[in-house]
Amino acid sequence: MNSARQFYFLWLLVFFGTIACNKKSEQTPSFLVIDSCFVNAKPAQGNNIHEISALQVYANQEFLGLFELPAKIPVLKTGQVKFQFIPYVRLNGSNNQWAPHRCFEASDSLLELTTLKESHINPTFVFKENVVIRFEEDFNDGNSKLRAIPSLSKGDTLLVADIPFHLNGRFTSINPAFVARFEDTDTAKFMDFGTFESFSNMPTDGRSVQFDFDINTAFPVQMSLIRTVSGGIPEVVPYLYINSTEGKWKRFYIDLVHELSGQTGSVSIQILFSANKPQGNFSNREIWMDNLRLSYLK
């Protein structure tokens, strides 16, 4: 091919490519607006409080992206469009680490889209049929499935009390919650508490093991696992260091897969929270907790 023909061939590629790009850029979008979403849990699965804060969105099986809520999403489609939403949460309380909550079903919806018009939807999520809820506690019966480990220091208190609750202004209520309180008479200077039960035969095959909870603490708290493999000696495995939440409730979604995956033999775990007594003149020496749930898929 001589230079003239090469130039002509390249000119045709640029010309038709420009037409195609202009045609695509001239498409006018519709808009999908999502303000929030909901969870519909059965009684044995715990309550409907959640902090799903992002959605992975598909339109007619085409991936549109991962969107933090609330979201206004341009969609280059009109007419009836089938949307699918997959719920995402912030892992380990981090603002930068997103992960799908694998225990929830994707939510499907059929919407009618019109160019330049907004279509609103707030998806609802349910737990998958094969989910296992190994532990859930919202303290609404006035009792607690948490206890001191091994025993409570003299003067300190564990109790269930009516506490004001909300997550960023949502789910506002005054309801029973767990309270761990350091007293001035405490001499040990630390407190350990966790689940009554040790959960046996936990998955070790790489499945996601989700632990969710809400906490409001005036001082740092260490979350750990007491892990026992095939009847061996229990070992304390530190997992997450929780800083003061500065008077606010904060929800944590934790995946324990790395602490369980690959362990040989049967594995049991007990969930442990530890704190040191704050020094100085603190007006609040309490840890509040609510809405605990341990779940995974069969």
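Checked against the criterion of being in the same structural domain as PHE273 (by TED's automatic domain parsing), within 30 Å of GLY206 (Cα to Cα) and assigned to a strand (DSSP E or B), the stretch 101-114 has no qualifying residue. In the stretch 253-273, is there at least one residue being touching a helix residue (DSSP H, G or I) at 6+ places or on another chain (Cβ under 7 Å), assigned by TED's automatic domain parsing to the domain that holds SER153 and not in a loop (DSSP other than H, G, I, E, B)? Yes, some residue in the stretch 253-273 is touching a helix residue (DSSP H, G or I) at 6+ places or on another chain (Cβ under 7 Å), assigned by TED's automatic domain parsing to the domain that holds SER153 and not in a loop (DSSP other than H, G, I, E, B).
Looking only at residues of the stretch 67-100 that are out of contact with any Asp or Glu (no Cβ under 9 Å at 6 or more places or on another chain) and assigned to a loop (DSSP other than H, G, I, E, B), we find that the one that is farthest from LEU256 (Cα to Cα) is LEU76.
Flag: PHE139 matches the condition of being at positive phi, modelled with pLDDT of 95 or more and in the same structural domain as ARG293 (by TED's automatic domain parsing).
Of ARG227, ARG207, all but one fail to be under 28 Å from ARG102 (Cβ atoms) and part of a strand (DSSP E or B); the exception is ARG227.
In the stretch 169-179, the count of residues that are in contact with a Ser or Thr (Cβ under 8 Å, 6 or more places away or on another chain) and surrounded by 12 or more Cβ atoms within 10 Å (Cβ to Cβ) is one or more.
If you scan the stretch 173-188, which residues turn out to be in contact with a Phe, Trp or Tyr (Cβ under 9 Å, 6 or more places away or on another chain) and closer than 19 Å to PRO150 by Cβ? Within the stretch 173-188, PHE178, ALA180, PHE182 meet the criteria.
Regarding SER244, is this residue over 16 Å from the mean Cα position of the chain (by Cα) and part of a loop (DSSP other than H, G, I, E, B)? Here the answer is yes, as SER244 does meet what is asked. In the stretch 93-116, the residue that is surrounded by the fewest Cβ atoms within 10 Å (Cβ to Cβ) out of those that are of a type in the set (A, V, I, L, M, F, W, C) and over 24 Å from LYS77 (Cβ atoms) is TRP98. Between SER36, SER30, SER53, SER94, the distinction of being over 26 Å from PHE127 (Cβ atoms) and either of a type in the set (Gly, Ala, Ser) or touching a Gly at 6+ places or on another chain (Cβ under 7 Å) (or both) belongs to SER30 only. Each residue in the stretch 26-49 was checked for being in contact with a strand residue (DSSP E or B) (Cβ under 7 Å, 6 or more places away or on another chain) and without any contact (Cβ under 8 Å) to a residue 60 or more places away in the chain, and 1 pass.
Scanning the stretch 252-267 finds no residues that are touching a Gly at 6+ places or on another chain (Cβ under 9 Å), of a type outside the set (Asp, Glu), under 29 Å from LYS154 (Cβ atoms) and buried (at least 19 other Cβ atoms within 10 Å of the Cβ).
For LEU146, are the conditions met, namely being touching a His at 6+ places or on another chain (Cβ under 9 Å), under 25 Å from GLN210 (Cα atoms) and in contact (Cβ under 8 Å) with a residue 40 or more places away in the chain? Taking the combined requirement at face value, the residue does not satisfy it.
The number of residues in the stretch 33-52 that are of a type outside the set (A, V, I, L, M) and not in a loop (DSSP other than H, G, I, E, B) comes to 3. Of the numbered criteria (1) crowded, with 20+ Cβ neighbours inside 10 Å; (2) more than 17 Å from PHE135 (Cβ to Cβ); (3) small (Gly, Ala, Ser), the one GLY194 fails is (2).
The values are calculated or read from the model by the stated rules, or taken from the named source; none is laboratory data. Here the structure is a predicted model, which means the values were calculated and not measured. Using ideal geometry, Cβ is built from the backbone for each residue, glycine included, and neighbour counts are taken over all protein chains shown.
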